[in-house]
Amino acid sequence: MSDKIRLIIDTDPGQDDAAAILMAHGLAKRGLIDFLAITTVAGNVPLARTTENARIICDWAGETGFPVYAGADKPLLRPPLTAEAVHGQTGLGDAVLHAPVCPLQPQHAVPFLIDTLRRAGDNSITLCPIGPLTNIAQMLALAPDTVRAVKNIVLMGGSYFEAGNMTPAAEFNFYCDPHAAQIVLQSGAPVTILPLDVTHKAVITTPRMDALRRLPNANGPRLAALLQSYERYDIQKFGLEGGPLHDPCAVACAVFPELFNGGHCRVDVETQSNLTLGACVVDWRNITGQTPNARWITKVDADRLFEELAESIAILP
Ligand code: BDR
Ligand code: CA
């Protein structure tokens, strides 16, 4: 049996999600992962849009038959929340969108995840959630036995040493569905978290953007244009040097863990307080003595990350 990472991305595309999905298709073409499927969730834009966007992105990658499953259309308990101010009305900024060729699978994402993990060997599937955690929480709540098959849940969400990007206390994915985030963290599954603490260190500088734009294929310049419209928000609102590549950090960490560093600690998500809803409490110093439930990533070799991103995009059409 191949010891390649077997990856499923759960996503709400989203412009940085698009970069993460394209990176995963490139990594698969480079022979570095088995990219099994995409499941979609409501988040940056409503579910119908995130699902159509995921299928369009697969077309861009030349993967017109790739399995895409639509999942939750709203958070577990909270009202839906979208981020058109960051990602544009369609979720993919100014990109020209076509009617997708890549089909939508008939099964709902949650039973698909449950069936797939139940059929899989122990510790054999890496889940990479890069949107609100609604689908993954439902899978773990409905079928706790699926934890057996999880090699790692490498997710983008949360913040602790860095201020929130949705409220002063909370990051978007965790704020959107804090209850789902807390379910995932308490599930007993191995979890690696890529919070704003690290993704704000992986910004798209002009030379990095130019490296994508100069690629002699369609996807390099297209992704550069997408990221150019995406970065406006973070530069204007937060004064960052460029757009943070939140979601590609999660895919990259699953495949190239040596590029990242952090610590194992107890992480909980606030689900009660209006003031701090979705905030992470990270026991970085092990003050409580509780057993760690996650690896909290704080450092990245951003140059290497961008080299891997560019190499993965370069192999696409
Ligand atoms: C996260 O929120 C979304 O807008 C991005 O796609 C990313 O997953 C960053 O807070
Ligand atoms: Ca996302």
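Worth a mention:
- In segment 120-141, the condition of being closer than 23 Å to Ala24 by Cα, crowded, with 18+ Cβ neighbours inside 10 Å, out of contact with any Leu (no Cβ under 9 Å at 6 or more places or on another chain) and at pLDDT 95 or above is met by at least one residue.
- Residue within segment 212-229 that is modelled with pLDDT of 95 or more, within 15 Å of ligand 1 (Cβ to nearest atom), touching a helix residue (DSSP H, G or I) at 6+ places or on another chain (Cβ under 7 Å) and small (Gly, Ala, Ser) present: no
- Scope segment 260-275; condition under 13 Å from His179 (Cα atoms) and either acidic (Asp, Glu) or touching a residue at least 24 places away in the same chain (Cβ under 8 Å) (or both); matching residues: Asp268, Val269, Glu270, Thr271
- When residues in segment 45-74 are screened for being in a loop (DSSP other than H, G, I, E, B) and either over 26 Å from Glu231 (Cα atoms) or open to solvent by 20 Å² or more (accessible area, probe 1.4 Å) (or both), 11 of them pass.
- When the test is whether a residue is farther than 14 Å from Leu36 by Cβ, modelled with pLDDT of 95 or more, open to solvent by 10 Å² or more (accessible area, probe 1.4 Å) and within 16 Å of ligand 2 (Cβ to nearest atom), Met166 passes it.
- Ala28 part of a helix (DSSP H, G or I), open to solvent by less than 10 Å² (accessible area, probe 1.4 Å) and either touching a helix residue (DSSP H, G or I) at 6+ places or on another chain (Cβ under 9 Å) or free of Cβ contacts under 8 Å to residues at least 60 places away in the same chain (or both): no
The values are calculated or read from the model by the stated rules, or taken from the named source; none is laboratory data. Since the structure is predicted, the reported quantities are computational estimates derived from the model, not experimental observations. Ideal geometry is used to build each Cβ from the backbone, glycine not excepted, and the neighbour counts take in all protein chains shown. These accessible areas exclude ligands, DNA and RNA; they are computed on the full protein's heavy atoms, side chains included. Shrake-Rupley method; radii C 1.70, N 1.55, O 1.52, S 1.80 Å.
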